[in-house]
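Some notes on the structure that comes next.
The values are calculated or read from the model by the stated rules, or taken from the named source; none is laboratory data. Just so it is clear, the model here is predicted, and its values are computed rather than measured. Ideal geometry is used to build each Cβ from the backbone, glycine not excepted, and the neighbour counts take in all protein chains shown. To get the accessible areas, we keep the full protein, side chains included, count just its heavy atoms, and leave off ligands, DNA and RNA. Shrake-Rupley method; radii C 1.70, N 1.55, O 1.52, S 1.80 Å.
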Amino acid sequence: MASLFVIKGADQGMRFELDQGIVVLGRDTTATVQLHDSEVSRRHAEVRGQEDRFVLTDAGSSNGTFVNGRRVDSQDLATGDQVQIGATTLLFTAPTESSGDLTAKIDIVGPLTAEHESQIVRSMTQEEGSSFLSPPVLGADESPWIARARSNLQVMYRTALAVSHTLDIDQLLARILDLIFEWVEASRGCIMLVDPHTKELAPRSHRTRKGVSSREKISISRTILDYVRQHNEGVLTSNAREDERWDSTRSILHMGIREAICVPMQGRYDVVGVIYIDTTIPADRLLAATRTKTFTEEHLKLMIAIAHQAALAVEDTSYYSAMVQAERLAAVGQMIATLSHHIKNILQGINGGSYLIEEGLKSSENDVIAKGWNIVEKNQQKISHLVMDMLTFSKEREPDLAPSDINALAADIVELMQGRAKDLDVALAFKPAETIPQLKFDPDGLHRAVLNVVTNAIDACDCVENGCVVVSTELDEAEELIRVIVEDNGRGIPSEDVDKMFGLFVSRKGGRGTGLGLPVSKKILREHGGDIRVESEVGRGSRFILEWPALPSETNDANTTTRRAADEDSESVAP
């Protein structure tokens with residue numbers, strides 16, 4: 001679909017899809033694309049989709065509508081156009097033509113026939129592939145110009161690798177400075193990024209070459225910074241005029257000449273910052289016969305190219321962070337909407353139970369009080385399970401491994417759920433394996449994981465005649481796996497829904513389910529190095545297999561060692 005992606009402004013990172021028809025852009029809550037920008041009018045502009053055309057029209061806004069920096073009343077949009085309304089800039093992307101079904105054009109063959117037979121002649125790693133960029137030994141067949149070009153190509157290749165493997169901006173900038181110091185004879189360097197709120201440059205990373213005093217502050221001319229940002233040009237600077245550079249009577253020879261390079265970090269849409277490096281040419285080098293400069297135009301060109309690569313990476317990282325934040329906020333909103341409905345039902349149950357308790361106390365009827373308390377207790381358990389599921393899912397945790405009995409844990413869950421099963425007229429049975437020793441796992445975590453699956457199995461049988469749930473355990477010694485198996489003869493799950501059911505807030509129980517139980521159970525099993533497998537058939541029931549590595553407890557290890565030692569002793573005294 002066609003879309004508008006916010007690349008600058010309060011809603012940076014948000015993506016809005018454009019349907020056929022009229023899409024309103026504005027600050028008003030009724031706008032199709034609502035922007036939180038005080039400079040945007042309530043109904044600022046419209047985008048009208050007509051077949052393969054999308055036309056942007058200003059809706060009489062106060063500050064006007066701009067496309068690629070030019071004010072427009074109405075204009076057809078093309079992919080890559082930047083739409084500016086107020087302080088917000090949006091990137092337009094037109095819908096791409098569908099390639100259709102490519103299986104008719106591309107065939108991945110299985111067993112090779114004579115027609116398609118081929119063999120691997122040579123394989124190569126990424127490191128080997130980049131070795132052609134390594135500086136060669138200069139010989140008669142290669143000129144210095146080609147050697148420099150090869151060296152610069154290697155610089156850009158390593159820069160591209162560095163920026164493509166880093167999503168943390170601070171790590172990215174530190175890596176860029178490290179690479180610059182490998183290639184350029186700079187004494188000090190820093191990277192400054194444009195603050196998105198103040199629009200001013202703020203230092204984000206700094207580097208000083210070993211042997212250079214790190215206490216001395218880097219002083220950068222604001223005039224130079226403004227020039228670099230406004231003109232989008234890199235500059236090579238010196239603090240001595242060319243005609244005075246070699247004048248031995250000048251005091252500058254006693255402290256050296258400062259040379260610097262300052263280049264803009266030009267991204268796709270704007271300058272996101274600057275890179276600055278400098279060095280001091282000592283007095284003894286100034287008086288030397290060579291009198292060569294440290295920085296040249298070639299260094300300046302290389303720095304401009306590096307800065308552009310870094311800027312693209314900074315933009316990508318910023319947009320990625322914005323998209324993650326937007327997805328997180330959307331998930332929070334979905335969670336609030338889902339859980340609010342569920343909590344409301346729980347509170348209604350608590351209020352109903354409280355009412356019965358209050359009425360029973362007034363009339364001293366213990367049966368009414370007991371009935372009300374039973375309702376309150378059930379809903380208290382519901383909200384307790386809900387809070388625990390939220391806490392379990394919201395944070396990463398290492399399982400608290402301890403020697404535990406899986407049969408005892410499963411038996412406790414079956415006993416705990418007998419009341420719920422009885423209310424729904426579902427038979428709940430337990431079939432433990434007899435030969436499972438104590439193993440190491442997190443009993444609290446797995447109790448919650450198994451409990452959620454058993455609860456779902458009971459609920460799946462609520463409308464089934466002769467509903468039945470069987471919980472069993474088994475130890476697979478060959479694969480060193482422990483399993484808890486929960487089988488039911490309930491409604492069953494369509495094959496297309498099996499993978500979806502482990503998604504957050506996905507529930508097939510209607511208003512009764514939170515959509516947290518199965519994702520929490522899967523998370524706990526994976527924290528143990530295991531997983532949940534599902535076998536289901538619509539109308540016949542489901543089978544959930546919770547399995548994880550069987551880790552022997554210290555007690556078992558000690559018993560095994562003792563038995564082995566006893567066996568060895570008996571063998572040593574045997575005739």
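The table that follows gives values for the structure above.
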item: Amide proton proximity set for residue 59, modelled H, under 5 Å, gap of 5+; result: 45, 46
item: Exposure rank, largest accessible area first [373, 548, 183; 1.4 Å]; result: 373, 183, 548
item: Heavy-atom accessible area ranking, 1.4 Å probe, most first, across 397, 70, 268; result: 70, 268, 397
item: From phi via Karplus (6.51, -1.76, 1.60), per-residue ³J(HN,Hα) for segment 9-21 in Hz, x at Gly/Pro; result: x, 4, 9, 3, x, 7, 10, 10, 7, 10, 8, 5, x
item: Integer Hz, Karplus 6.51/-1.76/1.60 couplings in order for segment 410-423, x for Gly and Pro; result: 5, 4, 5, 5, 4, 5, 5, 8, 4, x, 5, 5, 5, 4
item: Relative packing of 42-49, 535-542, which averages over residues the other C-beta atoms within 10 Å, highest first; result: 42-49, 535-542
item: Extension gain from residue 427 to residue 218, taking 0.36 nm per residue of separation minus the Cα-Cα distance; result: 67.5 nm
item: Counted charge near residue 262, where neighbours are those whose Cβ lies closer than 13 Å (Asp, Glu -1; Lys, Arg +1); result: 0
item: Computed E for residue 197/residue 463 - FRET, C-beta separation, R0 51 angstrom, nearest 0.05; result: 0.35
item: Gained length - residue 76 relative to residue 380, 0.36 nm times residue gap less alpha-carbon distance; result: 103.6 nm
item: Where Rh is the Kirkwood radius over Cα pairs, Rg/Rh for segment 180-232; result: 1.01
item: Over 30 Å between alpha carbons, listed pairs 8/500; 371/440; 8/523; 8/301; 431/523; 371/500; result: 8/500; 371/440; 8/523; 371/500
item: Whole-percent carbon and sulfur share, accessible surface of segment 432-484, 1.4 Å; result: 44
